[in-house]
Amino acid sequence: MTDTAATTDAIAKAAVLIEALPWLKRYHGAIAVVKFGGNAMVSPELTRAFAEDMVFLRHAGLKPVVVHGGGPQISARLTELGIESEFRGGYRVTTPEAMTVVRDVLNHDVNAHLVDLINEHGSFSIGLSGEAASSTESGAATTLFTGARRGAVVNGKTVDLGLVGDVVSVAPQTVLDAIDAGLIPVISSIAPDGDVPGQVLNVNADAAASALAVALNADKFLILTDVAGLYSDWPDRDSLVSVISTTALRDLLPALESGMIPKMAACLEAVDGGVRNAAIIDGRLEHSILLEVFTQQGIGTQVVGEDS
């Protein structure tokens, strides 16, 4: 490369960096909750890029918090063990036998691997689960997540899903302590059953991440998906929505494709709960999180409140 070409290339790189300045100023010190999943979770290259993004956010002055599930890994392990996977109403029926596998895969495989990848760049990350002990303001001991069992409606009838639940309360002090220590918490989506001591539940990672974002009073909530964003008239690819208000999303939600509903509902609940903005972004693109946070154009679909 000639000196002139090298200078031109350097100027172009500087222009990219300076474009991030308004967003660096806006989000400095902000908590950003990121739900890790989709293709990014099963691709080694995308998983490594995601870990790099988390370290970049931390060095850029943000406070990233990661929540993850592990559906593909859980299904693979159950198959290896000869345990049948059954889904009803979009949820995995979770028997006590399957729950043992879910807990092990989430905590010891997915969580540990992601923490290791982040920590290749320094001692930045700590692995937690929804069972992590926490303390309330009164000093009483509790857990990060508390869950309650739920069923699903299939063909108009409620069916039993086993050990599947919703997050009904969050005690975020353990996560706040990790953030204050300069760490990136990586949290698996299981929750102790608030009604049955010693029992844990398999909870939806999108909903768990949304509940945590609200409890942390996060500035930003991001969900990695396997699509470019929300389409108002799928499969018309020209109907991609860049920004949508909570009111418009509430009206559109019942008509969405079933797989998109829990993700958009999680974004809606986050913004309704006080998170400044939420977004679903295409996790199939390397460093899509950086594009969303630090560029004017952004990527995916943002959900914002009516006064934004």
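The values are calculated or read from the model by the stated rules, or taken from the named source; none is laboratory data. Just so it is clear, the model here is predicted, and its values are computed rather than measured. As a convention, Cβ positions derive from the backbone with ideal geometry for all residues, glycine included, and neighbour counts pool all protein chains shown.
Scan the range 234-252 for residues that are free of Cβ contacts under 8 Å to residues at least 60 places away in the same chain and under 19 Å from GLU269 (Cα atoms) and the total you get is 6.
Tally up the residues in the range 254-276 that are out of contact with any Gly (no Cβ under 7 Å at 6 or more places or on another chain) and at pLDDT 90 or above, please. Break it down into steps so the answer makes sense when it comes.
Keep residues of the range 254-276 that are out of contact with any Gly (no Cβ under 7 Å at 6 or more places or on another chain), which gives 254-257, 259-270, 272-276.
From the residues that got through so far, the ones that are at pLDDT 90 or above too are 263-270, 272-276.
Of the residues in that region, 13 qualify.
Among the residues of the range 253-269, is there at least one that is surrounded by fewer than 24 Cβ atoms within 10 Å (Cβ to Cβ) and over 18 Å from ALA207 (Cα atoms)? Among the residues of the range 253-269, at least one is surrounded by fewer than 24 Cβ atoms within 10 Å (Cβ to Cβ) and over 18 Å from ALA207 (Cα atoms), which makes the answer yes.
Give the residue that is modelled with the highest pLDDT, with candidates limited to residues of the range 129-153 that are hydrophobic (A, V, I, L, M, F, W, C), in contact with a strand residue (DSSP E or B) (Cβ under 9 Å, 6 or more places away or on another chain) and surrounded by fewer than 17 Cβ atoms within 10 Å (Cβ to Cβ). Looking at the filtered set, the residue picked out is ALA148. When the range 2-36 is examined, which residues are found to be basic (Lys, Arg) and modelled with pLDDT under 85? Within the range 2-36, LYS13 is the sole residue that qualifies. It is to be established whether one or more residues within the range 106-128 are more than 18 Å from the chain's Cα centre (by Cα), part of a strand (DSSP E or B) and polar (S, T, N, Q). Within the range 106-128, not a single residue is more than 18 Å from the chain's Cα centre (by Cα), part of a strand (DSSP E or B) and polar (S, T, N, Q).
Of GLY90, GLY37, GLY71, GLY61, which residue is surrounded by fewer than 22 Cβ atoms within 10 Å (Cβ to Cβ), within 22 Å of ILE223 (Cα to Cα) and under 14 Å from the mean Cα position of the chain (by Cα)?
Numbers: GLY90 fails: under 14 Å from the mean Cα position of the chain (by Cα); GLY37 fails: surrounded by fewer than 22 Cβ atoms within 10 Å (Cβ to Cβ); GLY61 fails: under 14 Å from the mean Cα position of the chain (by Cα).
Going through GLY90, GLY37, GLY71, GLY61 in turn, the sole match is GLY71.
Which one is surrounded by the most Cβ atoms within 10 Å (Cβ to Cβ), of the residues in the range 281-290 that are over 22 Å from GLY61 (Cα atoms) and in contact (Cβ under 8 Å) with a residue 24 or more places away in the chain?
First, pick out the residues of the range 281-290 that are over 22 Å from GLY61 (Cα atoms): 282-285.
From what is left, the residues that are in contact (Cβ under 8 Å) with a residue 24 or more places away in the chain are 282-284.
On the way: ASP282: 20, GLY283: 27, ARG284: 16.
Restricting to residues being over 22 Å from GLY61 (Cα atoms) and in contact (Cβ under 8 Å) with a residue 24 or more places away in the chain, the top hit is GLY283.
Being in a helix (DSSP H, G or I) and either in contact with a Leu (Cβ under 9 Å, 6 or more places away or on another chain) or surrounded by 24 or more Cβ atoms within 10 Å (Cβ to Cβ) (or both) is true for just one of VAL293, VAL303. Which residue is that? Outline the logic, then answer.
Working: VAL303 fails: in a helix (DSSP H, G or I).
Only one candidate passes the filter, namely VAL293.
The set of residues from the range 69-124 being out of contact with any strand residue (DSSP E or B) (no Cβ under 8 Å at 6 or more places or on another chain) and at positive phi comprises GLY82, GLY122.
When the range 77-103 is limited to residues that are charged (D, E, K, R) and not in a helix (DSSP H, G or I), the one that is nearest to GLY165 (Cα to Cα) turns out to be ARG92.
Filtering the range 218-240 to residues that are surrounded by 15 or more Cβ atoms within 10 Å (Cβ to Cβ), over 18 Å from the mean Cα position of the chain (by Cα) and part of a loop (DSSP other than H, G, I, E, B) leaves only SER232.
Matching residues to (1) charged (D, E, K, R); (2) in contact with a strand residue (DSSP E or B) (Cβ under 6 Å, 6 or more places away or on another chain):
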{"residue": "ARG237", "(1), (2)": "yes, no"}
{"residue": "SER242", "(1), (2)": "no, no"}
{"residue": "ILE280", "(1), (2)": "no, yes"}
{"residue": "ARG284", "(1), (2)": "yes, no"}
{"residue": "GLN296", "(1), (2)": "no, no"}
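The residues of the range 241-288 that are touching an Asp or Glu at 6+ places or on another chain (Cβ under 7 Å), under 12 Å from PHE221 (Cβ atoms) and in a helix (DSSP H, G or I), listed by number, are LYS263, ALA266.
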